[in-house]
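Just below is one structure, and these are the notes that go with it.
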Amino acid sequence: MHAKTCRKGNINRVMRDEAAIGLGIVKAREEPAPGYVRLRLAFRAVAERARPGQFVHVYPVPLGLSAASRDAPVPQRRLDPFLRRPFSIHDADRSRGEFAILFKIIGKGTRELAEVRVGDALDVIGPLGNGFSAPVGYDRIILMGGGIGVAPLVLAAKDFAGSHRVVTLVGGRTAHDVLCVDDFEAAGAQVHVATEDGSLGFAGQVTDLFESLLSQGLRGVILACGPMPMMQKVADISQVAGLPAFFSLEDRFGCGLGACLGCAVRVVEPDGSRRYMRVCKEGPVVEAQKVDFDGT
Amino acid sequence: MEPDTSVTICGIRMKNPVMAASGTFGYGREYGEVFDLSKMGAIVVKGTTLKPRMGNPPPRLAETPCGLLNSVGLENPGIDVFIERELPYLRGLGVPVIVNVAGETPEEYAEVSKRLDKAPGVAALEVNVSCPNVKKGGMAFGTDPEALKEVISSVRRSTSLPLITKLSPNVSDIGFLARVATNAGSDAISLINTLLGMAIDVNTMKPVLGAVFGGLSGPAVKPVALRMVWEVSSAVRVPVIGMGGITSGTDAVEFLLAGASAVAVGSATLVRPDACLEVVRGIWEFMKEKGVMTVGELVGAAKRKVDSGAGCPRGTRDF
Ligand SMILES: Cc1cc2nc3c(=O)[nH]c(=O)nc-3n(C[C@H](O)[C@H](O)[C@H](O)COP(=O)(O)OP(=O)(O)OC[C@H]3O[C@@H](n4cnc5c(N)ncnc54)[C@H](O)[C@@H]3O)c2cc1C
Ligand SMILES: Cc1cc2nc3c(=O)[nH]c(=O)nc-3n(C[C@H](O)[C@H](O)[C@H](O)COP(=O)(O)O)c2cc1C
Ligand code: FES
């Protein structure tokens, strides 16, 4: 259960068999668009276990090279920022033992994280959460991402490509906010783009594009990630269309492991009762009709 | 000779003086997947009430400089579910289990305590009279001396388990409230619970937390916690369990020197799942380096270095 993985001088450990805790070494850093950063990290135990829709919980300040090469069990850490930050697993190369995150710079933690350099060590726990799964009976997956919501969908496009036909709907405010189109195409997915200002592709919200494609006969399982108002629309539209939909939800996380109850989203149980669900443990992927949007 | 980190508090023998603080460790299961819990001093499980509680609306967390605000609101499945589903797991860990008890009325506290009194595997009760995140009960009991006396007395009558009263820092004279609790039968005092606070998002112009107010914890509160541990350990003779912002062995040693007989680690665990073990290691290393053989030698040592000896260093009140 507490087996050490063999990284020389490293402290990476496997938890149960599902997740690992330790240091990920930054192998590549790029800015696919202004304000967005993609990091590729070497951490075999995470990469090998990663499923689309899962996340990693990352302390957003690099711990420095010395920490990675020493056998120091707990490298020195700053007190501010205090908490880890959750990021979806954006991509995984299991054979090379590497995975990627893609994030938008929005505040204190992501600003710090954007400063990392190749060779830095980041404190990572993962993969965590349930991940996407596709119900049987559908041969097509419809991936929908608004803005940074595309982050978890790239690995989904790759992993589902072997078993399903994948259609991807990518939305953004302007052409600058439309990310990862190349990645989806490289994964063999058919890609549709929507921008609110009409600067690229369909003019309107990604949910408008979705409705228009449905009216043209598009059917499949919907896996979506984006801001809450978009999710609510997707829930409504997919319910009317009678299609199953799953969301990857975002919330503020504390532990990321299910212990602190800090990440709550209200859900409706089959019997109609309502309760708060731990997004980090029981999610982040949740069935669309389960989310109680009045309670968010 | 190697330092001995073991301590005995209210008859509970612990391998070391480091406990997991209530509410940050769930019922232990999640962390049991990460590290060997049997190495901990004790586990204090999250606040448990008579009936299940849904908790507060999200967002429930907001990071603040060197800490965080939380407004979880005592979400828990209720005492019967705890005893049936969680206690058997905890019992098997080989670590003292302390149950954090909460309620809206003295009768509710007493009833929860009575049910735990009969449940095997509970080492002690921590009476939470300091939760800032519930409308009724909670902190109200920890800030009003009469109400505090009533709650602790009724819990005392309903169980023979050791009682630890967890005090709120949101008061002006914490030493006095500690005396009220011990006079009513509390065997130990733990502190601090979180400091009431809030955060506002200037972009939305709204409070960040769904419940508007929340409790502040983490390194930001450490100086306040340390001062209160000093005051309380000077005001009462029972053991004091200190917490608030501990992230390292050195932090923990500060609390011991201020008069705590044991410590608890909360927020740090959210960042580093095995923070408790890191703190234990830090204490051990400190003891080894300074040639300290028992934890008891550290407890209150800083106070003995202050002339007045009365718990209030000369001049501190004369700002
Ligand atoms: C499961 C999961 C997966 C995620 N995956 C990704 C990802 O792949 N890429 C990515 O860019 N982001 C992702 N996020 C969101 C990411 O965790 C936050 O953007 C990040 O924590 C912000 O940190 P910060 O310190 O920069 O911002 P802060 O300084 O903490 O906040 C900056 C501003 O954003 C607001 N804010 C912060 N976090 C949230 C939130 N979760 N929801 C709403 N408002 C918020 C704050 O109120 C504040 O106004 C994910 C979140 C979750 C829960
Ligand atoms: C998310 C969270 C939940 C908490 N829940 C409880 C609780 O249920 N009962 C309780 O007595 N204290 C609770 N606390 C307070 C802690 O036990 C502790 O007293 C406080 O956080 C100070 O310690 P720290 O700075 O090490 O976190 C909670 C704290 C946090 C951060
Ligand atoms: S973040 Fe702690 S329970 Fe989800």
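The values are calculated or read from the model by the stated rules, or taken from the named source; none is laboratory data. Please read these numbers as outputs of a predicted model, since none were measured by experiment. With ideal geometry, Cβ positions are generated from the backbone for all residues, glycine too; neighbour counts draw on all protein chains shown.
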(message) Checking A:Pro73 against (1) touching a His at 6+ places or on another chain (Cβ under 8 Å); (2) at pLDDT below 95, only one condition comes out false. Which one?
(response) (1)
(request) Test each condition in (1) assigned to a helix (DSSP H, G or I); (2) farther than 28 Å from B:Gly23 by Cβ for A:Lys281 and report the one that comes out false. (result) (2)
(request) Only residues in region B:40-60 that are farther than 14 Å from B:Thr24 by Cβ count as the first member; pair them with residues that are within 16 Å of ligand 1 (Cβ to nearest atom) and in a strand (DSSP E or B), Cβ under 6 angstrom, at least 6 apart or cross-chain, and list the lot. (result) B:Gly55/A:Tyr276; B:Pro58/A:Ala264
(request) Pick out the one residue from A:Leu200, A:Leu179, A:Leu223 that is hydrophobic (A, V, I, L, M, F, W, C), more than 22 Å from A:Gln54 (Cα to Cα) and either surrounded by fewer than 16 Cβ atoms within 10 Å (Cβ to Cβ) or more than 14 Å from chain B (Cβ to nearest Cβ) (or both). (result) A:Leu200
(request) Could you pull out the residue among B:Val265, B:Val271, B:Val279 that is on the phi < 0 side of the Ramachandran plot, within 16 Å of ligand 1 (Cβ to nearest atom) and within 14 Å of another protein chain (Cβ to nearest Cβ)? (result) B:Val271
(request) Would you confirm whether any residue within region B:56-79 is in a helix (DSSP H, G or I) and farther than 22 Å from B:Ser267 by Cβ? (result) yes
(message) Please return the ranges of strands (runs of 3 or more DSSP E) entirely within region A:158-236 where 3 or more residues are in contact with an Asp or Glu (Cβ under 9 Å, 6 or more places away or on another chain).
(response) A:165-172, A:190-195
(request) Give the residue that is nearest to ligand 2 (Cβ to nearest atom), with candidates limited to residues of region A:254-275 that are outside any loop (DSSP other than H, G, I, E, B) and more than 7 Å from every other protein chain (Cβ to nearest Cβ). (result) A:Arg266
(message) Suppose we filter region B:162-190 for residues that are farther than 14 Å from B:Arg227 by Cα and out of contact with any helix residue (DSSP H, G or I) (no Cβ under 9 Å at 6 or more places or on another chain); how many remain?
(response) 3
(request) Return yes or no: is A:Leu243 in a helix (DSSP H, G or I), at negative phi, touching a residue at least 24 places away in the same chain (Cβ under 8 Å) and surrounded by fewer than 20 Cβ atoms within 10 Å (Cβ to Cβ)? (result) no
(request) Kindly list the number of the only condition in (1) over 22 Å from B:Cys66 (Cβ atoms); (2) away from ligand 1 (no atom under 16 Å from the Cβ); (3) within 14 Å of another protein chain (Cβ to nearest Cβ) that fails for B:Thr204. (result) (2)
